[in-house]
Amino acid sequence: MTKEVLSQAEKSKLLVPKVKVGIIGYGAYVPRYRLPAKEIARIWGSEGGFPVKEKAVAGLDEDVITMSIEAARNALKRAEISAQELRAVWVGSESHPYAVKPSGTVVAEAIGASNDIQSGDWEFACKAGTEAMVAAIAMVGSGMGDYALAIGMDTAQGKPGDALEFTAASGGAAYIIGPQRSALVNIEASYSFVSDTPDFWRREYQVYPEHGQRFTGEPAYFEHVGSSASTIMAETGLKASDFAYAVFHQPNAKFPQRIAESLGFINEQIAPGLLAPIIGNTYSGAALVGLTAVLDIAKEGDLILMTSYGSGAGSDSFILKVRKALKQRRGNALSTQDYINRRTEIDYATYLRYRGEIRMR
Amino acid sequence: MRRTNDVFIIGIAQTEIGELWDLSLRELGSSALREAMADANGLEPEAVFVGNMLAANTSRQANLASLINEHAGLAGKAEGFTVEAAEASGGAALYAAWNAIRSGMIDVAAVVGVEKTTDVVGAGIESRLLSTGIDSDFEALEGLTLTGQASLLLQRYLFENQVPREALAGFPMIAHSNGVNNPKAMFRKAIDEKTYMKGIGDPGGFSTFDLAPNADGAAALILVRGDRIPKDLKHNAVRLASSCYITDRLAIHDHRDPLFFEAAAVSTQKALLKAGIELAMVDLFEYSDNTTLHAVLSLEAAGFALRGEGWKLAGEGTLALQGTLPVATMGGHKARGFTLGASGVCQVVEACLQLRGEAGANQIPNARIAMTQSLAATASAAATQILSI
């Protein structure tokens, strides 16, 4: 398929690098604390059903930097390379601990990367992580470096009492991109669809994001995810039934299920990567951590579609093909399911304390 | 017999109604106006009366007539005015156009109802913007919203008249059933009583289905004096037999009886008198069903039901398309979508479709006389029209 893709890429919209690249290592991180939706409804009430069952919450000593370090270490274990070999450490998030001062440099230092690297933080609402991944593909694919680390991680902010509070969660994943010869998964092609669509935003000095309610649906998520996924499928000549799995950005349980159905995917293809119902929406981490759960079980030769979504708005799609090495190296680190099973339920008051929400007046 | 100052509606148009994220005020208003002019054999209006409630607040746009006229190709040719009367703006604009023609100063006038609600999203729509139609100092600042006010009145109505809660289900059920066949409607799905009852939150309060959805959209009409009807018009001209607009006290606590829509009653009586017809002659009623309370009290105010008994009409089948007094024949505000300041014009377009025999699957056989009524807030103003063929 790669040859076909390459020849098409010359005249198509696909992004296909000159040097073939793949995922060398991947690692998930989901914090242990869980806030059930019914606990939020106990405080704020609810209008009918819940968008997710519960969400993962970062602990008192966790933030995007510490969680990125955890995920990156898992990725390094599976990559079986030294952190010194990395030429880039990039973190995509909408909850970087600092407004000015990169998360990436702290992560790089902590995992033992060298000083001879690129580092920086990416921001594109919920697709900052996959945007970093495209950059990593470009860096390795152009021959500028052998390995690049791209992370999507968030401790998402949902305003207390807002609909977003049910879903805004913490977690994410790290991916090391490298040459295809040592890859767990081939990256066959990627494609991005972007437009100026103001569906969700947070301005400087604002504590919580705002959103355009139903505008976040049809003209935003569905338009962009639908265009991105259908374009990459059309350009590569692949149909939904060709894929073993598909992972979509998952702001709740319903959106990814609906877009998957409209693209022709069946539940069995998306269920393994649909984690939002049990960990919530991890924003920049959402599609990426969903993919880790799929990679934990995928077989050699499986084709996987991953499509992210970032408000503002854009959507990145990737076509991945599983290699033999995945089965051999995925046991090097904790599986995503291990993190999901590591569960400590908390009440709303504890949640407020952990998230630094308590302020008296 | 046609008198020279009789007014006829010879062109009608309505855009799709709903959450139209991609369409702006100028696109909605001007496309409706252009389409209405085309329907009127291309006749251009000398004056355009725009009905709108929220544009200055939601879209930061006033001066709507210049905006719409320019984009409808009428710059430098037509006069233009914006008429504001909260949710009755469309009805009030129609009244102003009717008056202009009746006065003899204008031969051809256009009415454009246009509303763009989705330029602002969130709770502010209800608390800050829609509340501009009630008494700001004595109602809105106390935390009352239009929906809150109507919900309190509904509880009082149910209590005073010992109404079984499920009895009100018929009103939105009729609207949604009629909306199924309206290609322009926001909602085209019928609902049943079970769905209605499931939508009730606080006991005694509104069901979700008692509230019409705020919607974007525009509608336009071309009005002419009787002697200006084009000879080769491809459809019937609808006679605007009367239009009557009246205001009442702004705050609900100043109304003589909060459960009686006095403005609606007065404007109905005057409109019937001016048109020279009796209530029993009305073949269909496009009423203001922006809440079920409005629907019920409109029927009582007009005299279609006794005080405290309007709620019985939906269950009896009277208001269905096959009944003796069909209402919301194309879905009403509830299913077509509540276009606020444009809603009064949408009602007239739909009444004209019925009288012209162009209402498709929802056509009422032999419809000859239609009544439309748009209300501001909880009937602090009412505009009533009688149309005939």
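Within the stretch B:1-27, how many residues turn out to be over 24 Å from B:L129 (Cβ atoms) and assigned to a strand (DSSP E or B)? Steps first, please.
Kept after step one, since they are over 24 Å from B:L129 (Cβ atoms), are these residues of the stretch B:1-27: B:1-13.
Narrowing the set further to residues that are assigned to a strand (DSSP E or B) leaves B:7-13.
The qualifying residues number 7.
Report, by residue number, each residue of the stretch B:232-279 that is under 24 Å from B:N99 (Cα atoms), without any contact (Cβ under 8 Å) to a residue 60 or more places away in the chain and surrounded by fewer than 16 Cβ atoms within 10 Å (Cβ to Cβ).
If the condition is that a residue be under 24 Å from B:N99 (Cα atoms), without any contact (Cβ under 8 Å) to a residue 60 or more places away in the chain and surrounded by fewer than 16 Cβ atoms within 10 Å (Cβ to Cβ), then B:L273, B:G276, B:E278, B:L279 are the ones that fit.
Please find, among B:K198, B:K189, the residue that is surrounded by fewer than 16 Cβ atoms within 10 Å (Cβ to Cβ) and at pLDDT 95 or above. Full working, then the answer.
Details: B:K198 fails: at pLDDT 95 or above.
After applying the criteria, what remains is B:K189.
So, of the residues in the stretch A:121-155 that are of a type in the set (V, I, T) and assigned to a strand (DSSP E or B), which turns out to be nearest to the chain's Cα centre (by Cα)? Explain how you work it out, then say what you get.
Restricting attention to the stretch A:121-155, the residues satisfying the condition of being of a type in the set (V, I, T) are A:130, A:134, A:137, A:140, A:151, A:155.
Imposing the further condition that a residue be assigned to a strand (DSSP E or B) reduces the set to A:151, A:155.
Details: A:I151: 8, A:T155: 13 Å.
Taking the candidates together, the pick is A:I151.
Output the residue which, of all residues in the stretch A:206-261 that are of a type in the set (G, A, S), in contact with a helix residue (DSSP H, G or I) (Cβ under 9 Å, 6 or more places away or on another chain) and under 16 Å from A:A125 (Cβ atoms), is modelled with the lowest pLDDT.
Only one residue tops the list, namely A:G212.
For the stretch B:136-148, which residues satisfy the criterion of being surrounded by fewer than 17 Cβ atoms within 10 Å (Cβ to Cβ) and part of a loop (DSSP other than H, G, I, E, B)?
Matches in the stretch B:136-148: B:S136, B:D137, B:F138, B:G143.
With respect to B:R102, determine if the residue is in contact with a helix residue (DSSP H, G or I) (Cβ under 8 Å, 6 or more places away or on another chain) and of a type in the set (K, R). Walk me through it before giving the result.
On the way: in contact with a helix residue (DSSP H, G or I) (Cβ under 8 Å, 6 or more places away or on another chain): no; of a type in the set (K, R): yes.
Criteria not met by B:R102.
What are the residue pairs meeting all of these: first residue in the stretch A:224-253, first residue in contact (Cβ under 8 Å) with a residue 60 or more places away in the chain, second residue basic (K, R), Cβ atoms under 8 Å, and 6 or more apart or on different chains?
Short answer, once both residue conditions are applied: A:T231/A:K13; A:M233/A:K239; A:E235/A:K13; A:A244/A:K299; A:H249/A:K127.
So, in the stretch B:350-377, how many residues would count as being under 13 Å from the mean Cα position of the chain (by Cα) and surrounded by fewer than 24 Cβ atoms within 10 Å (Cβ to Cβ)?
Residues in the stretch B:350-377 being under 13 Å from the mean Cα position of the chain (by Cα) and surrounded by fewer than 24 Cβ atoms within 10 Å (Cβ to Cβ): 0 in total.
Check every one of the helices (runs of 4 or more DSSP H) wholly within the stretch B:278-376 and list those with 2 or more residues that are touching a helix residue (DSSP H, G or I) at 6+ places or on another chain (Cβ under 7 Å) and modelled with pLDDT of 95 or more. Quick ask: steps written out before the conclusion?
Values: elements: B:292-302, B:312-316, B:332-336, B:343-355.
Once the helices (runs of 4 or more DSSP H) in the stretch B:278-376 are filtered for at least 2 residues that are touching a helix residue (DSSP H, G or I) at 6+ places or on another chain (Cβ under 7 Å) and modelled with pLDDT of 95 or more, what remains is B:292-302, B:332-336, B:343-355.
Please find, among B:A62, B:A75, B:A55, B:A88, the residue that is surrounded by 21 or more Cβ atoms within 10 Å (Cβ to Cβ) and out of contact with any Lys or Arg (no Cβ under 8 Å at 6 or more places or on another chain). Walk me through how you get there before you give the answer.
On the way: B:A62 fails: surrounded by 21 or more Cβ atoms within 10 Å (Cβ to Cβ); B:A75 fails: surrounded by 21 or more Cβ atoms within 10 Å (Cβ to Cβ); B:A55 fails: out of contact with any Lys or Arg (no Cβ under 8 Å at 6 or more places or on another chain).
Result of the check over B:A62, B:A75, B:A55, B:A88: B:A88.
Hey, B:K116 hits all of (1) more than 30 Å from B:A62 (Cβ to Cβ); (2) of a type in the set (K, R); (3) crowded, with 24+ Cβ neighbours inside 10 Å but one; which does it fall short on?
In the conditions (1) more than 30 Å from B:A62 (Cβ to Cβ); (2) of a type in the set (K, R); (3) crowded, with 24+ Cβ neighbours inside 10 Å, B:K116 misses (1) alone.
Give the residue that is nearest to A:A240 (Cα to Cα), with candidates limited to residues of the stretch A:178-228 that are in a loop (DSSP other than H, G, I, E, B) and within 14 Å of chain B (Cβ to nearest Cβ). Lay out the reasoning, then the answer.
As a first pass, look at the stretch A:178-228 and keep what is in a loop (DSSP other than H, G, I, E, B): A:183-184, A:198-199, A:202-209, A:212.
Retained after the next criterion (residues that are within 14 Å of chain B (Cβ to nearest Cβ)): A:198-199, A:208-209, A:212.
On the way: A:P198: 30, A:D199: 28, A:Y208: 37, A:P209: 34, A:G212: 31 Å.
By that ranking, first place goes to A:D199.
Given the condition in contact (Cβ under 8 Å) with a residue 12 or more places away in the chain and among the polar types (S, T, N, Q), answer yes or no: does some residue in the stretch A:320-328 qualify? Give the derivation first.
The initial filter retains those residues of the stretch A:320-328 that are in contact (Cβ under 8 Å) with a residue 12 or more places away in the chain, namely A:320-327.
Pick out the ones that are also among the polar types (S, T, N, Q) and you get none.
For the stretch A:320-328, residues in contact (Cβ under 8 Å) with a residue 12 or more places away in the chain and among the polar types (S, T, N, Q): absent.
Take the stretch B:23-52 and flag every residue that is touching a Gly at 6+ places or on another chain (Cβ under 8 Å), among the aliphatic types (A, V, I, L, M) and surrounded by fewer than 20 Cβ atoms within 10 Å (Cβ to Cβ).
If the condition is that a residue be touching a Gly at 6+ places or on another chain (Cβ under 8 Å), among the aliphatic types (A, V, I, L, M) and surrounded by fewer than 20 Cβ atoms within 10 Å (Cβ to Cβ), then B:A38 is the only one that fits.
Inspect all residues belonging to the stretch B:120-135 and state whether any of them is over 29 Å from B:I17 (Cα atoms), without any contact (Cβ under 8 Å) to a residue 12 or more places away in the chain and surrounded by fewer than 15 Cβ atoms within 10 Å (Cβ to Cβ). Spell out how you get there, then give the answer.
Going through the stretch B:120-135, the residues over 29 Å from B:I17 (Cα atoms) turn out to be none.
No, the stretch B:120-135 contains no residue that is over 29 Å from B:I17 (Cα atoms), without any contact (Cβ under 8 Å) to a residue 12 or more places away in the chain and surrounded by fewer than 15 Cβ atoms within 10 Å (Cβ to Cβ).
Output yes when any residue across the stretch B:330-338 is touching a His at 6+ places or on another chain (Cβ under 8 Å) and either more than 27 Å from B:L221 (Cβ to Cβ) or of a type in the set (A, V, I, L, M, F, W, C) (or both), and no when none is.
Filtering the stretch B:330-338 down to residues touching a His at 6+ places or on another chain (Cβ under 8 Å) leaves B:331, B:334-335.
Narrowing further to those that are either more than 27 Å from B:L221 (Cβ to Cβ) or of a type in the set (A, V, I, L, M, F, W, C) (or both): B:335.
Yes, some residue in the stretch B:330-338 is touching a His at 6+ places or on another chain (Cβ under 8 Å) and either more than 27 Å from B:L221 (Cβ to Cβ) or of a type in the set (A, V, I, L, M, F, W, C) (or both).
Which of (1) within 14 Å of chain A (Cβ to nearest Cβ); (2) surrounded by fewer than 20 Cβ atoms within 10 Å (Cβ to Cβ) is the odd one out, the single condition B:L20 does not satisfy?
Exception for B:L20: condition (2).
Each row is one residue, and each column tells you yes or no for (1) surrounded by 24 or more Cβ atoms within 10 Å (Cβ to Cβ); (2) touching a Gly at 6+ places or on another chain (Cβ under 6 Å).
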{"site": "A:V57", "(1), (2)": "yes, no"}
{"site": "A:D63", "(1), (2)": "no, no"}
{"site": "A:M67", "(1), (2)": "yes, no"}
{"site": "A:G92", "(1), (2)": "yes, yes"}
{"site": "A:A99", "(1), (2)": "no, no"}
{"site": "A:I117", "(1), (2)": "no, no"}
{"site": "A:D121", "(1), (2)": "no, yes"}
{"site": "A:A132", "(1), (2)": "yes, yes"}
{"site": "A:G143", "(1), (2)": "no, no"}
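Hey, can you tell me all the residues within the stretch B:1-50 that are farther than 17 Å from B:P230 by Cβ and free of Cβ contacts under 8 Å to residues at least 24 places away in the same chain?
B:M1, B:D22
State whether the residues of the stretch B:189-205 include one that is touching a residue at least 60 places away in the same chain (Cβ under 8 Å) and assigned to a loop (DSSP other than H, G, I, E, B).
Restricting attention to the stretch B:189-205, the residues satisfying the condition of being touching a residue at least 60 places away in the same chain (Cβ under 8 Å) are none.
No: zero hits.
Given the conditions (1) β-branched (V, I, T); (2) within 14 Å of another protein chain (Cβ to nearest Cβ); (3) more than 22 Å from A:Y283 (Cβ to Cβ), and given that A:V140 satisfies all but one, which numbered condition is not satisfied?
(2)
The values are calculated or read from the model by the stated rules, or taken from the named source; none is laboratory data. All values reported here derive from a predicted model rather than from experimental measurement. Methodologically, a virtual Cβ is constructed for each residue, glycine included, from the backbone with ideal geometry; neighbour enumeration extends over all protein chains shown.
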